[in-house]
1. Which Rg and Dmax, in Å, describe the Cα atoms of region 46-193?
2. Per 5 Å bin, what is the whole-percent P(r) computed from every C-alpha pair distance within region 120-217?
3. Quick check: net charge around ALA191, other residues with Cβ under 11 Å of its Cβ, Lys/Arg +1 and Asp/Glu -1?
4. Tell me, what is the percent relative contact order of region 77-135, built from C-alpha pairs under 8 Å that lie six or more residues apart?
5. Within straight cross-link reach of LYS147, meaning Cα distance under 13 Å, which aspartates and glutamates are found once same-chain residues fewer than 8 apart are removed?
6. Using a 1.4 angstrom probe, figure out how much accessible area region 69-173 has per residue, in square angstrom, rounded to the nearest whole.
7. Would you mind checking LYS71/LYS142; LYS71/LYS103; LYS104/LYS129 for any pair whose Cα atoms are more than 23 angstrom apart?
Amino acid sequence: MKSLRLIAVSGIAASVAVGAAACSSSGSSTPAAAPTSSPAASSSSKAMASGAGSSASAMSDFGPACSSVPKTGAGSFTGMATAPVATAASANPVLSTLVTAVKKAGLVDTLNAANGITVFAPDNSAFAKIPSSTLGSVLANKSELTKILTYHVVAGRYTPAQLASGKTLKTLEGGMVTTAMSGGTYTVNGAPVVCGNVQTANATVYIIGSVLMPKSP
């Protein structure tokens with residue numbers, strides 16, 4: 001079962017009791033869920049502030065993987081801004097493996113109904129780093145999969161400036177993740193943000209290049 005712990009999946013969920021979680025640092029700060037509001041319908045949409053009472057950031061989506069996001073249609077930044085997070089992700093080919101995992105875990109409705117969350121969403125290349133046999137086993141284990149996925153979701157919509165300041169955030173799974181910025185690269189538990197500040201109707205999404213690993217009990 002150790003090999004299962006080398007994996008972790010992606011972001012998503014809201015205040016509901018679903019189990020999950022990954023490696024992180026100590027110290028905690030539990031953000032308050034931000035109220036629902038309309039996201040900007042463009043790739044230069046402003047991030048919504050949340051958590052420990054910060055102000056909004058006007059920074060646009062950023063990162064090398066943003067170039068792989070469709071320019072038009074439901075999977076584009078403009079299209080994703082109009083849909084709840086699980087629906088928005090399902091239209092984006094960069095997140096197809098994550099979407100499969102979310103469906104298998106039965107988290108689509110939970111994520112779509114969440115009111116103001118931040119999702120650290122592993123892209124397809126992040127899942128490709130996991131041996132196919134291990135990934136297959138995790139996808140077939142709903143309890144383990146739910147634990148991993150909810151470890152990628154935190155309450156409140158966090159801006160790039162908030163993440164860069166270095167925060168330890170409590171995930172839906174119950175474990176903690178730590179954000180930072182070094183050399184111009186944003187990270188979550190050391191995983192690089194490859195396309196950040198993506199807005200959906202109810203979430204701010206940071207696409208990451210590795211699957212986060214929940215801490216063992």
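1. Computed over the Cα atoms of region 46-193, radius of gyration and Dmax are 15.1, 44 Å.
2. Reading upward from the zero bin: 2, 13, 23, 26, 19, 11, 5, 1.
3. Values: positive: LYS129; negative: ASP123.
Its environment carries a net charge of 0.
4. Details: 41 pairs, mean separation 19.9, N = 59.
About 34 percent, as a whole number.
5. GLU173
6. Working: 3650 Å² over 105 residues.
Normalised by residue count, the accessible surface of region 69-173 is 35 Å².
7. Among LYS71/LYS142; LYS71/LYS103; LYS104/LYS129, the Cα-Cα distance tops 23 Å for LYS71/LYS142; LYS71/LYS103.
The values are calculated or read from the model by the stated rules, or taken from the named source; none is laboratory data. If you're wondering where the values come from, they're calculated on a predicted model, not measured in any experiment. So basically every Cβ, Gly included, is an ideal-geometry build from the backbone, and we count neighbours across all protein chains shown. Note: accessible area is taken over every heavy atom of the protein model, side chains too, but ligands, DNA and RNA are not part of it. Shrake-Rupley method; radii C 1.70, N 1.55, O 1.52, S 1.80 Å.
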